[in-house]
2 protein chains.
Amino acid sequence: MNRMSSTIQELPVSDTSAAHAKAIELGKQVLRMTTAAGSGHPSSALALAHIITELMYRQMRYDPADPWNPAADRLVLSVGHSVPIVYAAYADLRGATGTAEKRLLLRVDDLATLRELSSVLDGHPNPAEGFPFFDAATGSLGQGLSAAAGLALAARLDGIAKRIFVILGDGESREGQVWEAFDFIIDHRLNNVCAVFSCNGQGQADKVSDQQSAERLTAKAAAFGWDVVNVDGHDPDSLSAAFARVGKSERPLAIAARTVKGWGVDSMQHENLHGKPIPASGLEKACAELDAAGRRIGAVAVEFPQPPRPPISPRRVVSSPITLPPFEEALARCGLSNALKDKKLATRVAYGAALVALGEADERIVCLDGDVSNSTYANFFARKHPNRFFECKIAEQNMITVGVGLAAAGKIPFASSFAKFIARGTDQIDMAAITRANLKLVGSHAGISLAADGPSQMSLADVAYFRSMTRADEGRGGTVCHIFHPSDAISAYRCCEWMANIDGLCYLRTHRPDAPFLYSPDERFELRGCKQLQAGSDLTLVSSGFMLHTVLTAARQLAQSGIRCNVFDAYTFPLNAEPILAAARDGKAVILTVEDNYPGGLHAEIAEAAADVGDIRVVGMTVSRIPKSAKTPPEIFSYCGVGLEHIIERATALVKQSR
Amino acid sequence: MNRMSSTIQELPVSDTSAAHAKAIELGKQVLRMTTAAGSGHPSSALALAHIITELMYRQMRYDPADPWNPAADRLVLSVGHSVPIVYAAYADLRGATGTAEKRLLLRVDDLATLRELSSVLDGHPNPAEGFPFFDAATGSLGQGLSAAAGLALAARLDGIAKRIFVILGDGESREGQVWEAFDFIIDHRLNNVCAVFSCNGQGQADKVSDQQSAERLTAKAAAFGWDVVNVDGHDPDSLSAAFARVGKSERPLAIAARTVKGWGVDSMQHENLHGKPIPASGLEKACAELDAAGRRIGAVAVEFPQPPRPPISPRRVVSSPITLPPFEEALARCGLSNALKDKKLATRVAYGAALVALGEADERIVCLDGDVSNSTYANFFARKHPNRFFECKIAEQNMITVGVGLAAAGKIPFASSFAKFIARGTDQIDMAAITRANLKLVGSHAGISLAADGPSQMSLADVAYFRSMTRADEGRGGTVCHIFHPSDAISAYRCCEWMANIDGLCYLRTHRPDAPFLYSPDERFELRGCKQLQAGSDLTLVSSGFMLHTVLTAARQLAQSGIRCNVFDAYTFPLNAEPILAAARDGKAVILTVEDNYPGGLHAEIAEAAADVGDIRVVGMTVSRIPKSAKTPPEIFSYCGVGLEHIIERATALVKQSR
């Protein structure tokens, strides 16, 4: 393949001329690979030609053949659709793809496989498909800087001095999450993070707003407390001088780089061709335009040396399973022994106690919270392990993606907020799932049992959303997500142990009110399991979380009317529903599910399993209307159609029908 | 009830002294009502005592007894948990609650009902529960400024000169959406919006970061292009001078107000008592502390005049149903007549054509898009109705909440982006649902059929999320949300007509690829309906959207093997599944659903309905793994386990089992 149309120069040439030549060489590869793919964003990639040349060949300390070295500098391509230019450089540098165990060095010829099903060169950065140079899937914009912050926090914990470079688009910097990350990086003094804005002025549908101009971004970054330089993004010398400042000041550095979309290809610069490859018939002409641009600016091709190498760093050791101490011991350590006497505790408090114990059991456990640690009980962890607790303040999107960065660096992050506010980061969670991030999300005050604060604080669709991911394969034999929805402190404690040991996305749903213990402290809980709490052949009741206690009360009252019920605690999804279905079949083959959320959770889970055979009735009770404030959980349960009286009424009617 | 312990002064007193006295009077009501409620956030409310006094008595032009006047100035309390101070002022002013048709004037005695199930005084601002002074539910932080921007846009369209005041917390201003709104308000020159930051320095779990100090917020607001003043938030004169500037400059005004959490109550100021009412036993002492604070600063109670009244403005007229022209006519207007010949068109393009026609049919139709209008086809509308098109750039959270503001002012906003990026605003959508906002969300490039761009651009959990809201009552007889998932351009066109006519939240899911027409141009589509496309007694196939075409191909191939299938198009949720179940019962009582998304959508919908009786098998095929880039829709369908061959294989196996 024709990598460079000019010949290699023998005489000494300036770094500047050499950088221009490399930028043009990479630019031509970008044109070729996107034309071959028939899609992609060559114009956005060309805008980064010099920035990527400077970073990947001269600034970053890393070995392209060993992207797994923990000491290596990292690049987060937040403006993910520009990725072809990174692929071009990585192929030129024979970068490693695949896994550390099964490594393949990328070749320039491989670039033509861009966006193919069998290729590691996905349409946007996607480490999980075999491109370990990246730490996080990007392409949904505005998230990269948060991932970088997570990588930087992890490096500090591990005592590694490395730099994290992030490239953002100007249009992308409209996303509020970018500014959440700007704040976070200052709060945590992560001056080894460098944010580069590629300010090419062109968005997809139209021009980028003046609010995202290089000048405006410079002013904003300064107002957020960062050092800033505003440079010509196609001038290797200015870029080099700017990058030399990274990590030298107490403040992080932002670089507002003025770039040109479609740089060097005249025909791409005259109209906004976002996401449009050159047709095959125009490829030669476009490459010639790039070469001509090179001649105008004095590009001279030389053999580039490999990038500077990082220090040698010990590899991460995969630790053994994380085991929790006995429940009583964990409570005692948090001053909660009274709960053992009272035999009741809120699941959110149990989470706090479990987290402290997990933190003692394994150094990889870290914790993030969004200014509600005294509600989620993450504050227990903050007190015991302050160096591994990261206060994210009220900025949940950033919190979740910081977690992705921490996970990429081998940590096991637990990130908590009210369940309602975890929904702030839904797209960030989607990206965490694509990354296969080992991230644990904890939503407290879930459902409607918090009552008084009203619907703005109540999570109702969270179960449907997270359950959606529990039946899909993440590519390594597991499911994309596990949900845990414990009903008492003991099961909550053990669910946390599962979460720490699963390598992947988990969601824990905790509740505000105290709840009586349902299990003995040494009870074991299985993944995909459920627990039968009571047996009876008239009806099978299934619930989870705080709502289960109302269902148990209903079952007791039904028993007084001579109606005997199975009662199951479905504390996790995905759920093996077979024991529930079998118990129902042993009786009258009628199941009633009860939830404190909108549909798409437990009812769907059981109905789907039952309908697979089609021999069991499954009736679901879910929150039937938009809630409001109320004084107590029973009051709001009744208002929303899932009160004790509704359960008894529905159960009684079902039993009558099935007699 | 003792409203003010000092006597009313007869002599002329200064505005300053009077404002202090009013602030203290309101502060005492805050203490009383939160103590009575046993929950709430008195300390945050007290921080606003002077700001609310200034705004609600002196600055805002409005009639408290008529909050429905379109010309009235508006207040958006973004820092929703501070709401008791607004309730106190509103009761003092005898503000109207309920609806315009059934109005009740709030009394001071009503304040004791705070947070009760039967009260209009919800825990956080909640207009739908009978508090029309507010336009949007708030309490999930960082959203109010976007709602205000929507109100301001609507006022401009309606030719009304009014001001929109927004109060934000300092901790809250960490949310990135706040800065998205800052950009948007500059882009759209909405200088009648005023943002007031209450900088009390105390968050929930800890102090507010220095990144959100009054000084830092001042610098940030200036860098975003706003006018800014930094004032003492408990000095009536400074506040008055600051508010006098609103709307006088070409730029919007931000006020960084230095406030004190728990202002005037010594015992509340010495520790961070976020969200903690005074116990009943301490109420008298706390009120006495407030009175003492009043004496120190020269508070003198006087009868306050009513706030200045707004100009008289015509009320909104509820328009008649919105009717679309014939499909062919709408296509012709957008230069799409060729599609009639080819008999194929992408559903996203049909959306564009429908939107243009809707805009012509009704002035209330407005459109928002996030820099992808050339992908969503909102650009058709932008060209035909430029004054009603609002480019939001890459900031979906802001876009969605701007839509809530527009809807509150009587507009019918359609807001579009890639379906994947609509997920950026999940919590904003939750708040729109609580507001009962008449908001239409449009997610293009849904599912996996976009193929090449890969998973960062693919929405997979969107159906589960939105379906979660389709079975709950929004309190006026409708459901919280309707989903439309059309399979061809004709049904897409008619779904848009439904969306415009439903008063509430709707979600339209469109796809990237062209799809052949399945219906005649004059076909009618029912709400909650489905369409039977083919009849056959061996198996009932159900699908929707682009995937339906693969299912139809499968059905044709199955017919060649002698397997005759019902095929249903389930184009909307909530769905009346009875026709599908009846057709299945007429045959072998086996249903196979096929979707291009993760579970929680069509399979759950049909399985739940079927399991309610328990006599039909329902088997579901959904996206079975995390996708990646691929060249074509069939390729990625196969990769994800929903390829043509998988459908045929599963269908054949099911039919064999049921023979």
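A few points about this structure:
- Whichever residue in segment A:151-187 is surrounded by fewer than 24 Cβ atoms within 10 Å (Cβ to Cβ) and facing chain B (nearest Cβ under 10 Å) and, among such residues, is nearest to A:Leu239 (Cα to Cα): A:Ile186
- Long-range neighbours under 7 Å by Cβ, at least six apart or interchain, first residue more than 7 Å from every other protein chain (Cβ to nearest Cβ) and open to solvent by 10 Å² or more (accessible area, probe 1.4 Å) within segment B:597-619, second outside any loop (DSSP other than H, G, I, E, B) and of a type outside the set (S, T, N, Q): B:Ala609/B:Leu581
- Summed over segment A:625-658, residues that are assigned to a loop (DSSP other than H, G, I, E, B) and touching a residue at least 40 places away in the same chain (Cβ under 8 Å) total 10.
- Among the conditions (1) at pLDDT 95 or above; (2) within 14 Å of chain B (Cβ to nearest Cβ); (3) closer than 25 Å to B:Val623 by Cβ, A:Asp453 misses just one, which is (3).
- Selection from segment B:127-150 of residues that are more than 7 Å from every other protein chain (Cβ to nearest Cβ), hydrophobic (A, V, I, L, M, F, W, C) and in a loop (DSSP other than H, G, I, E, B): B:Phe131, B:Phe133, B:Phe134, B:Ala136
- A:Leu141 meets all of the listed conditions (1) more than 25 Å from the chain's Cα centre (by Cα); (2) closer than 25 Å to A:Pro42 by Cβ; (3) open to solvent by 10 Å² or more (accessible area, probe 1.4 Å) but one, namely (1).
- Segment B:467-486 - residue that is touching a helix residue (DSSP H, G or I) at 6+ places or on another chain (Cβ under 8 Å) and closer than 30 Å to B:Pro516 by Cβ and, of those, surrounded by the fewest Cβ atoms within 10 Å (Cβ to Cβ): B:His482
- Considering (1) within 17 Å of the chain's Cα centre (by Cα); (2) within 11 Å of chain A (Cβ to nearest Cβ); (3) touching a residue at least 24 places away in the same chain (Cβ under 8 Å), the lone condition that B:Ile502 does not fulfil carries the number (2).
- Restricting segment A:110-126 to residues that are in a loop (DSSP other than H, G, I, E, B) and acidic (Asp, Glu), the residue that is least open to solvent (accessible area, probe 1.4 Å): A:Asp122
- Which numbered condition A:Lys420 fails, given (1) under 30 Å from B:Leu77 (Cα atoms); (2) more than 8 Å from chain B (Cβ to nearest Cβ): (2)
- With respect to the conditions (1) within 12 Å of chain B (Cβ to nearest Cβ); (2) in contact (Cβ under 8 Å) with a residue 12 or more places away in the chain; (3) out of contact with any strand residue (DSSP E or B) (no Cβ under 7 Å at 6 or more places or on another chain); (4) not β-branched (Val, Ile, Thr), A:Ala432 falls short on a single one, namely (3).
- B:Arg556 touching a residue at least 24 places away in the same chain (Cβ under 8 Å) and open to solvent by 20 Å² or more (accessible area, probe 1.4 Å): no
- Checking B:Thr53 against (1) open to solvent by less than 10 Å² (accessible area, probe 1.4 Å); (2) in a loop (DSSP other than H, G, I, E, B), the condition it does not meet: (2)
For every residue, the table says whether it meets (1) without any contact (Cβ under 8 Å) to a residue 60 or more places away in the chain; (2) out of contact with any Cys (no Cβ under 7 Å at 6 or more places or on another chain); (3) closer than 24 Å to A:Ser444 by Cα.
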position: A:Lys285; (1), (2), (3): yes, yes, no
position: A:Leu290; (1), (2), (3): no, yes, no
position: A:Phe304; (1), (2), (3): no, yes, no
position: A:Arg315; (1), (2), (3): no, yes, no
position: A:Leu336; (1), (2), (3): yes, yes, yes
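- Lone unmet requirement of (1) without any contact (Cβ under 8 Å) to a residue 40 or more places away in the chain; (2) away from every other protein chain (no Cβ under 12 Å); (3) open to solvent by 10 Å² or more (accessible area, probe 1.4 Å) for B:Thr622: (2)
- Among (1) facing chain A (nearest Cβ under 9 Å); (2) in a helix (DSSP H, G or I); (3) not charged (D, E, K, R), the one test that B:Ser459 misses: (2)
- Here B:Pro42 clears all of (1) open to solvent by less than 10 Å² (accessible area, probe 1.4 Å); (2) within 20 Å of A:Ala630 (Cα to Cα); (3) out of contact with any helix residue (DSSP H, G or I) (no Cβ under 7 Å at 6 or more places or on another chain) except the condition numbered (3).
- Looking only at segment B:211-240, and only at residues there that are farther than 27 Å from B:Ser14 by Cβ and more than 8 Å from every other protein chain (Cβ to nearest Cβ), the one that is most open to solvent (accessible area, probe 1.4 Å): B:Glu215
- Residues satisfying the stated conditions in segment B:98-109, i.e. of a type in the set (A, V, I, L, M) and in a strand (DSSP E or B): B:Leu104, B:Leu105
- Residue selected from segment A:625-635 under the condition more than 7 Å from chain B (Cβ to nearest Cβ) and open to solvent by 10 Å² or more (accessible area, probe 1.4 Å), by the criterion nearest to A:Ala464 (Cα to Cα): A:Pro633
- Any pair with Cβ under 9 angstrom, 6 or more apart, that starts in segment B:387-400 at a residue that is over 24 Å from A:Gln428 (Cβ atoms) and ends at one that is basic (Lys, Arg) and not in a loop (DSSP other than H, G, I, E, B): B:Phe389/B:Arg383
The values are calculated or read from the model by the stated rules, or taken from the named source; none is laboratory data. Everything numeric in this text was worked out from a predicted model, so none of it was measured. Don't worry about glycine lacking a Cβ; one is built from the backbone with ideal geometry, like all the others, and counts go over all protein chains shown. All accessible areas refer to the heavy atoms of the entire protein, side chains included, with ligands and DNA or RNA removed. Shrake-Rupley method; radii C 1.70, N 1.55, O 1.52, S 1.80 Å.
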